[in-house]
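The values are calculated or read from the model by the stated rules, or taken from the named source; none is laboratory data. All values derive from a computational prediction rather than experimental measurement. Cβ: placed from backbone, ideal geometry, glycine included. Neighbour counts: every protein chain shown.
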Amino acid sequence: MFRVLTCLRDQHNWALVLLAAVVCVSASLTAMTLVRRAKKSASGERMRWVLTAGAATGFGIWATHFIAMMAYDPGVVAGYDLVNTLVSLVVAVTITAAGIGLAAMESKLVWRSVGGALVGLGVAGMHYTGMLALEVPAHIHWAKDLVAVSILLGMAFGAASLSVATSEAKHGLWAGAGLLVLGIVGHHFTGMGAINMIADPTRQLSGLTLSPDSMSLTIAAVALAVLGLCAATILHRQKLEDLAEANERHFGALVDAIQDYAIYMLDPNGRVSNWNTAAQRFKGYSAEEIVGQGFEVFYPEAQRRAGKPQRALQTAVEQGRFEEEALRVRKDGSHFYAHVVLTPMFEPNGRLLGFAKITRDVTQTKADRERLRQTTHNFDTALRHMSQGLCLYDAEERLILANPRVMEIFNSDPEKVVPGVLFRDQVIRIMQARGASPEMIEERYRAHRALIDQPGGGSMIIEAGGVVLSVSHRPMPDGGWVSTYDDITERRRDEARIAHMARHDGLTGLPNREHFNAHLDQDLERAARQGQKVAAIAIDLNRFKEINDLRGHAAGDQVLKTIADRLSGICGEAEFTARLGGDEFACVKRFTETRDLTDFIARLQTALNASIDLDGFEVAPGGSVGVAIYPEDAAQRESLMNNADLALYRAKSSPKSSQSENVCFYEARMDEAARDRRALAKDLWQAIARDEFTVHYQVQKAVDTQEITGYEALLRWKHPERGHVSPVDFIPVAEECGAILDIGEWVLRTACAEAARWNNQAKIAVNLSPVQLGHVDLVHMVHSILIETGLSPRRLELEITESTIIGDKARALHILRQIKALGVTIAIDDFGTGYSSLDTLNSFPFDKIKIDRSFLMEAEHSPQARAIIRAILALGKSLQVPVLAEGVETLTQLELLRSEGCDEAQGYYFGRPAALVPDEAPDKIARSA
Ligand code: C2E
Ligand code: CA
Ligand code: CA
């Protein structure tokens, strides 16, 4: 040791020693950097790095050695043997390269140390070969112990250096470089200390030597090269490190900035090794809490127990990736749906580094997806169950979707109605199937297109093959459109049926009154334009009511149907039949020649009069017909029909002896009278309520004594417009329309009440209509009025005409007997006119016979009239019934009656019918007459 130190102190130039140290440290750092680089690089690249590292180390230690040699000044150096100098360089480079190669390639410590020791051996090899190159005029003696120590020192430090440099240790680079420097320096100076030179000037120098000057240049060049390489390496390394650091920083920031994905790493055992902020947000753990924990904490208990976390890692390693969407647990125990990707990371040497794990919270996405799926499903269901066909087209007329109803409506093969099919092609296909011509197809397509292009779209009705479709096209903002197809065949049919029902009679199927009116209006209009005539024909069945009552409604219906069928059967061109209601029918006939109408009416009569078979029972309902003709009878529908009705009315009321008499044509004169009667009838119904009636009284006296025997009540009507209307005119109308029932009761009540107030016991004679006898409980009525007015029955006399008891004689007589039983007397009025049968007088015990005034009026000139008067008086005598003569106007007439022995008389001679002033005694009337 002492020798080494003295050598260092005495024989070295310190400036050069320092340079040697700089070169040594630089070379060592460069070498270690390259070694570590070689270690990390892929096997293909590795050899290059190994050779570079070997060269750097070799050149470095070689330069270090020779600079140090120049710093060593034995004072005798003459030159350097060229061959040995070169050999020493080659030794340095090759052996260190071999050592570095071994250390870089092998991962085991032992081999890395062996590699390092080899590097140390290379240093030693270079050192002693280099010493052989030294040309000095002296003998060199080697202290063998120091030589051995120097070699071992180099190898030991070399082994330590490379095993540290190739390890994972934190400052492996610096430690390795330091150890290598120590190894080189230790070896060198120990080796130098082993030298002992004894001067020998005789010693011959070899021929090929480098002078110290050229050696200096060479070393300087090599040293520069080493330093350059070193600087380049260090710069390069710095740059790489800066880049790597920046990358790492950026990457870290990036990973942290990602909010939607939890990105973190697991070590090979599945323990969390880092953690980003999104991960913290998703899972609730902070980095401090979770780093180092197994990633299975993110799994729900059951999955954890089923070994899912381990299987995930295994799958990732085996397949290079593991991906799933599954439930995960947060720190607070809540669950969320995660989409997880697990990717293994390997070192270049294939060693598993760990796993990159990317997790995304898909709870919302999953819910959205589910909702979308549900919506789509609902939409699908709705589409499938729509009663309308629906198609969606894009702007290029391509079908996007169609519901199944479309196929049904168009009877289409579902394979032909697929997305992408052109609308135009569909129109062509459907219409071709129906045999449409190309022109028709083109026209239809254009019609569709027009609707589609119209703002807001539009719809149209298509009829084909008995099917009615309502088609509607609604444009969409993107240029496409929605088409809907509605099969409205059934609806149309219903509408048509309802329309038919509204215009036709349910029972017979004939047009009804509304339809008839519309048709008649039309015909009138057309006739007016074309100068034609129109006959409105009213028809009424004669015996329908009878058949209905006797045979039942079913039979009645059958009669109506049969007649309806016949009537519509006879209708030809310009002829029309309707049922107006009940057994009323009507026809319209447009014509120019009268014989056309005659012909139609003949057909009509045949149809009406032919008998009908009702289950083997023949009936002949017969029908009355009234005809009114446009334009002569009326210009308007209402009046034309009205006139036809008037004619019908006449046809019905005229006695029928032949079929032709069942037909009446409107005749203004006759039918206007009928119309007038109807108007009168209408007014009669309101006359009582309007207080238009009064009762006048005409006195009746005994012919011989001229004593008052009674008064006849005679009805008076003051019509608001017509003034006084004679009972001769209105009583028959009242009887016809039935108003007589109320009117008769009113007269009876008024007359009785009046008579009850009189202070004499005169009778009151009230006329009774045959209609009253037939329709009212007359007995009860008379009785209650007598009670009501307090008039004694004996003072009441009812006048009836013979016609009253002609119809249902037995019944009429029964009623009369009951009335008579009340104490009321019965007079037979207008005797001598009409039937005037003895039989009538015999059949009932009348209390008075009134000879019609016509006989007395003629009596003066007609012996026949006088004979009749005489005969009636005789009849009365024999039956012991008093006789009253009506219409006595003169004294002569009265004398006649007296001479013939008539009991009573009534007439203008005794007094005109007059109203009673209240509280006026009726005898005053008699007197005033
Ligand atoms: P009638 O029962 O034969 O009534 C007598 C008619 O002869 C009355 O006509 C009367 O005014 C008229 N008369 C009386 N004396 C003379 C006379 O000297 N010369 C002429 N030329 N005529 C005379 P009136 O009032 O116009 O009644 C006509 C008919 O109307 C009545 O005939 C009767 O059948 C009917 N009538 C009147 N009032 C009623 C009534 O309250 N009920 C019913 N059912 N019929 C009535
Ligand atoms: Ca009378
Ligand atoms: Ca009379």
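Looking only at region 610-620, decide whether some residue is part of a helix (DSSP H, G or I), touching a residue at least 24 places away in the same chain (Cβ under 8 Å) and either touching a helix residue (DSSP H, G or I) at 6+ places or on another chain (Cβ under 9 Å) or assigned by TED's automatic domain parsing to the domain that holds Ala536 (or both). Within region 610-620, none of the residues are part of a helix (DSSP H, G or I), touching a residue at least 24 places away in the same chain (Cβ under 8 Å) and either touching a helix residue (DSSP H, G or I) at 6+ places or on another chain (Cβ under 9 Å) or assigned by TED's automatic domain parsing to the domain that holds Ala536 (or both).
Tell me, please, whether a residue that is buried (at least 18 other Cβ atoms within 10 Å of the Cβ) and over 17 Å from Arg328 (Cα atoms) can be found in region 278-287. Within region 278-287, not a single residue is buried (at least 18 other Cβ atoms within 10 Å of the Cβ) and over 17 Å from Arg328 (Cα atoms). It is to be established whether one or more residues within region 914-927 are away from ligand 2 (no atom under 16 Å from the Cβ), surrounded by fewer than 20 Cβ atoms within 10 Å (Cβ to Cβ), modelled with pLDDT of 95 or more and not charged (D, E, K, R). Within region 914-927 (the criterion being away from ligand 2 (no atom under 16 Å from the Cβ), surrounded by fewer than 20 Cβ atoms within 10 Å (Cβ to Cβ), modelled with pLDDT of 95 or more and not charged (D, E, K, R)), the answer is no, since none of the residues qualifies.
Lys718 fulfils the conditions (1) within 16 Å of ligand 2 (Cβ to nearest atom); (2) modelled with pLDDT of 95 or more except for a single criterion, (1).
Is region 646-653 home to any residue that is in contact with a Cys (Cβ under 8 Å, 6 or more places away or on another chain), part of a strand (DSSP E or B) and within 24 Å of Asp521 (Cβ to Cβ)? Talk me through it step by step, then tell me what you get.
Going through region 646-653, the residues in contact with a Cys (Cβ under 8 Å, 6 or more places away or on another chain) turn out to be 647-648, 650-651.
With the extra rule that they be part of a strand (DSSP E or B), the set shrinks to none.
No, region 646-653 contains no residue that is in contact with a Cys (Cβ under 8 Å, 6 or more places away or on another chain), part of a strand (DSSP E or B) and within 24 Å of Asp521 (Cβ to Cβ).
When Thr750 is tested against (1) β-branched (Val, Ile, Thr); (2) in a helix (DSSP H, G or I); (3) within 16 Å of ligand 3 (Cβ to nearest atom), exactly one condition is not met: (3).
Can you tell me which of Ile800, Ile787, Ile815, Ile743 is more than 12 Å from ligand 1 (Cβ to nearest atom) and within 30 Å of Leu680 (Cβ to Cβ)? Full working, then the answer.
Working: Ile800 fails: more than 12 Å from ligand 1 (Cβ to nearest atom); Ile787 fails: within 30 Å of Leu680 (Cβ to Cβ); Ile743 fails: more than 12 Å from ligand 1 (Cβ to nearest atom).
Every option except Ile815 fails the conditions.
Listed conditions (1) assigned to a helix (DSSP H, G or I); (2) surrounded by 12 or more Cβ atoms within 10 Å (Cβ to Cβ) are all met by Ser470, apart from (1).
In this structure, does Asp808 turn out to be within 16 Å of ligand 3 (Cβ to nearest atom) and out of contact with any Phe, Trp or Tyr (no Cβ under 7 Å at 6 or more places or on another chain)? The answer is no for Asp808.
Pairing residues of region 38-60 that are closer than 15 Å to Asn349 by Cα with residues that are of a type in the set (D, E, K, R), at Cβ distances under 7 Å and at least 6 apart in sequence or on separate chains, gives Ala38/Arg46. Against the conditions (1) within 27 Å of Ile708 (Cβ to Cβ); (2) away from ligand 3 (no atom under 16 Å from the Cβ); (3) out of contact with any Leu (no Cβ under 7 Å at 6 or more places or on another chain); (4) in contact (Cβ under 8 Å) with a residue 12 or more places away in the chain, Asp847 satisfies every one except (2). Can you find a residue that is among the acidic types (Asp, Glu) and either touching a residue at least 12 places away in the same chain (Cβ under 8 Å) or within 30 Å of Val90 (Cβ to Cβ) (or both) anywhere in region 249-265? The answer is yes; a qualifying residue exists. Taking first residues from region 871-900 that are acidic (Asp, Glu) and partners that are more than 16 Å from ligand 1 (Cβ to nearest atom), the Cβ contacts under 9 Å between residues at least 6 apart in sequence or on separate chains come to Glu900/Arg866; Glu900/Arg870; Glu900/Leu873.
Residues in region 818-835 that are crowded, with 17+ Cβ neighbours inside 10 Å, without any contact (Cβ under 8 Å) to a residue 60 or more places away in the chain and within 16 Å of ligand 1 (Cβ to nearest atom): Ile819, Val824, Ile826, Ile828, Asp830, Phe831, Gly832.
Rundown of residues vs (1) touching a helix residue (DSSP H, G or I) at 6+ places or on another chain (Cβ under 9 Å); (2) in the same structural domain as Glu397 (by TED's automatic domain parsing); (3) among the aliphatic types (A, V, I, L, M); (4) over 25 Å from His385 (Cβ atoms), yes/no style:
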{"position": "Arg424", "(1), (2), (3), (4)": "yes, yes, no, yes"}
{"position": "Pro438", "(1), (2), (3), (4)": "yes, yes, no, yes"}
{"position": "Ala447", "(1), (2), (3), (4)": "no, yes, yes, yes"}
{"position": "Leu469", "(1), (2), (3), (4)": "yes, yes, yes, no"}
{"position": "Met476", "(1), (2), (3), (4)": "no, yes, yes, no"}
{"position": "Gly479", "(1), (2), (3), (4)": "no, yes, no, yes"}
{"position": "Val482", "(1), (2), (3), (4)": "no, yes, yes, no"}
{"position": "Thr489", "(1), (2), (3), (4)": "no, yes, no, no"}
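Does Leu550 count as closer than 20 Å to Leu648 by Cα and assigned by TED's automatic domain parsing to the domain that holds Leu646? Full working, then the answer.
Numbers: closer than 20 Å to Leu648 by Cα: no; assigned by TED's automatic domain parsing to the domain that holds Leu646: yes.
So Leu550 does not fit the description; no.
Only residues that are more than 13 Å from ligand 1 (Cβ to nearest atom) and among the hydroxyl-bearing types (Ser, Thr, Tyr) were counted across region 844-870, and they come to 1. Glu735 meets each of the listed conditions (1) surrounded by 16 or more Cβ atoms within 10 Å (Cβ to Cβ); (2) touching a strand residue (DSSP E or B) at 6+ places or on another chain (Cβ under 8 Å) apart from (2). Counting only strands (runs of 3 or more DSSP E) wholly contained in region 272-350, no element carries 3 or more residues that are among the polar types (S, T, N, Q) and within 26 Å of Thr365 (Cα to Cα).
A quick yes/no check of all residues on (1) surrounded by 20 or more Cβ atoms within 10 Å (Cβ to Cβ); (2) in contact (Cβ under 8 Å) with a residue 60 or more places away in the chain; (3) of a type in the set (A, V, I, L, M, F, W, C):
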{"position": "Val93", "(1), (2), (3)": "yes, no, yes"}
{"position": "Glu106", "(1), (2), (3)": "no, no, no"}
{"position": "Ser113", "(1), (2), (3)": "yes, no, no"}
{"position": "Ala133", "(1), (2), (3)": "yes, no, yes"}
{"position": "Val136", "(1), (2), (3)": "no, yes, yes"}
{"position": "Ser150", "(1), (2), (3)": "yes, no, no"}
{"position": "Ala160", "(1), (2), (3)": "yes, no, yes"}
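Scanning region 721-732 for residues that are of a type in the set (Gly, Ala, Ser) and either buried (at least 17 other Cβ atoms within 10 Å of the Cβ) or away from ligand 1 (no atom under 11 Å from the Cβ) (or both) gives a single hit, Gly723.
Kindly evaluate Asn760 against the criterion of being within 30 Å of Glu889 (Cα to Cα), surrounded by fewer than 19 Cβ atoms within 10 Å (Cβ to Cβ) and touching a residue at least 12 places away in the same chain (Cβ under 8 Å). Quick ask: steps written out before the conclusion?
Numbers: within 30 Å of Glu889 (Cα to Cα): yes; surrounded by fewer than 19 Cβ atoms within 10 Å (Cβ to Cβ): yes; touching a residue at least 12 places away in the same chain (Cβ under 8 Å): yes.
Yes.
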